[in-house]
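The values are calculated or read from the model by the stated rules, or taken from the named source; none is laboratory data. Everything numeric in this text was worked out from a predicted model, so none of it was measured. Don't worry about glycine lacking a Cβ; one is built from the backbone with ideal geometry, like all the others, and counts go over all protein chains shown. Heads up: the accessible areas ignore ligands, DNA and RNA and are worked out on the full protein's heavy atoms, side chains in. Shrake-Rupley method; radii C 1.70, N 1.55, O 1.52, S 1.80 Å.
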Amino acid sequence: MTESKPSLSFDRRTLLGAAAIAAVGAVGVGGFLFSENALGPWRLTARRVADRLQEAAGGDFHGRRRNHAKGVAVAGYFESTGHGAELSSASVFGTGTYRVEGRFSLAGGNAHMPDDLTAPRGLGLRFLLPGGEEWRTAMINTPVFLDATPDDFYTRTLAFAPDPATGQPDPERMKAHLATHPETAAALGMIEQGPHAPSFRDSTFYGLNAFEFTNAAGDTVPVRWQLEPDAPQPTPPKDEGPNKLFDALISDVRGGPLRWKLILVVGVAGTDPTDNATQRWPQERPRVHVGTVVIDEVRTEDVGNVQDVNFDPLVLPRGIAPSDDPLLQARSAVYTESYRRRAGEQRAPAALRVEDVR
Ligand code: HEM
């Protein structure tokens, strides 16, 4: 697909926003060679990526997720319309109601970071399905990802890291990275165009990576998914405190259930890129509304409240399979490495205490 020509004339605000977005991901695989074209003895591994995320977190990461460290646990249910069955035989698309558990988060490795409206917002969900099956997904609120490959992610986190001398990212280093990564520059331009929702409640969350959906007849199509707010009423957070986004989310859920429509976007095999999350699919691709995610509980994340859940995007029910997107294997490996590390560390108390929010 053709994307608009990348502009390299980003202003300082955009570049700083990009630095916040840089916290989104990582790269690598535990012990596996991640990049076929790595030069020399250099190997991108899950451990290397987790180390990089720890550096970016600035030290306070023990017992916490190495990315999206700040978050709250939520629960609710998914009301399936049954319309997804035309695309996938997964039980989640049969008509019915399925329990979901999840976690809203902000990208970045510091669980105590002040809420930043430019940092990507995350939503991890697990759908608990009949027969003990699960579907896990971790989505963010940008319509494209900044990196096509794990290597691109890794080099971007270095290029966009704060300069120790100033505490700020170095705009020249960022521009140099964008000049050699036009897909990242183009994705940044798309993200910059917005819309920019002022709250979790009003955000659309995108799965971004493509997957293969196979229906009962054995037909397979590429699919991406997104959660769109059912009744958006964009209202900026009322207070300006360091937890303003999470405080608003907690009081919104207390005010009544929040709803998002689950939309499957159907790609054209062989035409739409399935291996590159920086590229959008054409707007005219069919969209199937397959149900509604309803969130009616918000909780501090303690044991039992998703603290011990790894929202690995490769935990999939039968009927959904990974595509050839190289980010998927990388994410799975790095999330596992992050989980392995935090599971073996002293548990830090939850950074956000839901009961403290009035
Ligand atoms: C190579 C690319 C990426 C890497 C290496 C990466 C890395 C990570 C790591 C290490 C975690 C913490 C996992 C844990 O301890 O449980 C995490 C969490 C998360 N990531 Fe990624 N990520 C990548 C791409 C993405 C993309 C493309 C999305 C969105 C589509 C995304 C959304 C999220 C979300 C929402 C969470 C928080 C999940 C939770 O609440 O537990 N990441 N990521």
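In this structure, is ARG280 in a loop (DSSP other than H, G, I, E, B), open to solvent by 30 Å² or more (accessible area, probe 1.4 Å), touching a helix residue (DSSP H, G or I) at 6+ places or on another chain (Cβ under 8 Å) and not hydroxyl-bearing (Ser, Thr, Tyr)?
When the stated conditions are applied, ARG280 passes them.
Those residues that are β-branched (Val, Ile, Thr) and in contact (Cβ under 8 Å) with a residue 60 or more places away in the chain, I need them from the range 228-270; list them, please. I'd like the intermediate steps shown before the answer.
As a first pass, look at the range 228-270 and keep what is β-branched (Val, Ile, Thr): 235, 250, 253, 263, 265-266, 268.
Correct list: ILE250, VAL253, VAL266.
Which ones in the range 205-219 are open to solvent by 70 Å² or more (accessible area, probe 1.4 Å) and without any contact (Cβ under 8 Å) to a residue 60 or more places away in the chain?
Residues of the range 205-219 open to solvent by 70 Å² or more (accessible area, probe 1.4 Å): 212, 216-217, 219.
Those that are open to solvent by 70 Å² or more (accessible area, probe 1.4 Å) and without any contact (Cβ under 8 Å) to a residue 60 or more places away in the chain: ALA217, ASP219.
What do you reckon, is THR155 of a type in the set (Val, Ile, Thr), in a helix (DSSP H, G or I) and in contact with a helix residue (DSSP H, G or I) (Cβ under 8 Å, 6 or more places away or on another chain)?
On the way: of a type in the set (Val, Ile, Thr): yes; in a helix (DSSP H, G or I): yes; in contact with a helix residue (DSSP H, G or I) (Cβ under 8 Å, 6 or more places away or on another chain): yes.
Yes; evaluated as a whole, the condition is true for this residue.
Would you confirm whether any residue within the range 57-79 is more than 22 Å from the chain's Cα centre (by Cα) and buried (at least 17 other Cβ atoms within 10 Å of the Cβ)?
For the range 57-79, residues more than 22 Å from the chain's Cα centre (by Cα) and buried (at least 17 other Cβ atoms within 10 Å of the Cβ): absent.
Before we move on, is THR142 assigned to a helix (DSSP H, G or I) and of a type in the set (Ser, Thr, Tyr)? Break it down into steps so the answer makes sense when it comes.
Values: assigned to a helix (DSSP H, G or I): no; of a type in the set (Ser, Thr, Tyr): yes.
It is false that THR142 is assigned to a helix (DSSP H, G or I) and of a type in the set (Ser, Thr, Tyr).
Does the range 127-145 contain at least one residue that is open to solvent by 30 Å² or more (accessible area, probe 1.4 Å), of a type in the set (Ser, Thr, Tyr) and touching a helix residue (DSSP H, G or I) at 6+ places or on another chain (Cβ under 8 Å)?
no
Enumerate the pairs (first residue in the range 334-352 and in contact (Cβ under 8 Å) with a residue 24 or more places away in the chain and open to solvent by less than 40 Å² (accessible area, probe 1.4 Å); second residue anywhere and more than 13 Å from the ligand (Cβ to nearest atom) and assigned to a loop (DSSP other than H, G, I, E, B)) with beta-carbon separation below 8 Å, excluding pairs fewer than 6 apart on the same chain, so at least 6 apart or on different chains.
ALA350/THR300; ALA350/ASP302; ALA351/HIS112; LEU352/ASN243; LEU352/THR300
Given the conditions (1) more than 16 Å from the ligand (Cβ to nearest atom); (2) open to solvent by 40 Å² or more (accessible area, probe 1.4 Å), and given that GLU183 satisfies all but one, which numbered condition is not satisfied?
Single failed check for GLU183: (1).
Where residues in the range 290-329 are of a type in the set (Gly, Ala, Ser) and open to solvent by 10 Å² or more (accessible area, probe 1.4 Å), which of them is farthest from GLY102 (Cα to Cα)?
Within the range 290-329, the subset of a type in the set (Gly, Ala, Ser) is 291, 304, 319, 321, 323.
Filter once more, keeping what is open to solvent by 10 Å² or more (accessible area, probe 1.4 Å): 304, 319, 321, 323.
On the way: GLY304: 11, GLY319: 22, ALA321: 21, SER323: 24 Å.
Top of the filtered list is SER323.
Looking at (1) open to solvent by less than 60 Å² (accessible area, probe 1.4 Å); (2) in contact with a helix residue (DSSP H, G or I) (Cβ under 9 Å, 6 or more places away or on another chain); (3) free of Cβ contacts under 8 Å to residues at least 40 places away in the same chain, which one does ARG173 not meet, given that it meets all the others?
All conditions are met except number (1).
Need the failing condition index for GLY109 against (1) out of contact with any helix residue (DSSP H, G or I) (no Cβ under 8 Å at 6 or more places or on another chain); (2) buried (at least 24 other Cβ atoms within 10 Å of the Cβ), just the number.
Condition not satisfied by GLY109: (1).
Just need a number here: residues in the range 303-340 that are in a helix (DSSP H, G or I), out of contact with any helix residue (DSSP H, G or I) (no Cβ under 6 Å at 6 or more places or on another chain) and near the ligand (Cβ under 8 Å from one of its atoms).
Of the residues in the range 303-340, 4 are in a helix (DSSP H, G or I), out of contact with any helix residue (DSSP H, G or I) (no Cβ under 6 Å at 6 or more places or on another chain) and near the ligand (Cβ under 8 Å from one of its atoms).
Quick one: in the range 220-276, of everything that is among the basic types (Lys, Arg) and open to solvent by less than 60 Å² (accessible area, probe 1.4 Å), which residue is farthest from the chain's Cα centre (by Cα)?
Just the residues of the range 220-276 that are among the basic types (Lys, Arg), to begin with: 224, 238, 244, 254, 259, 261.
Next cut, open to solvent by less than 60 Å² (accessible area, probe 1.4 Å) only: 224, 244, 261.
Working: ARG224: 13, LYS244: 20, LYS261: 17 Å.
In this case the residue turns out to be LYS244.
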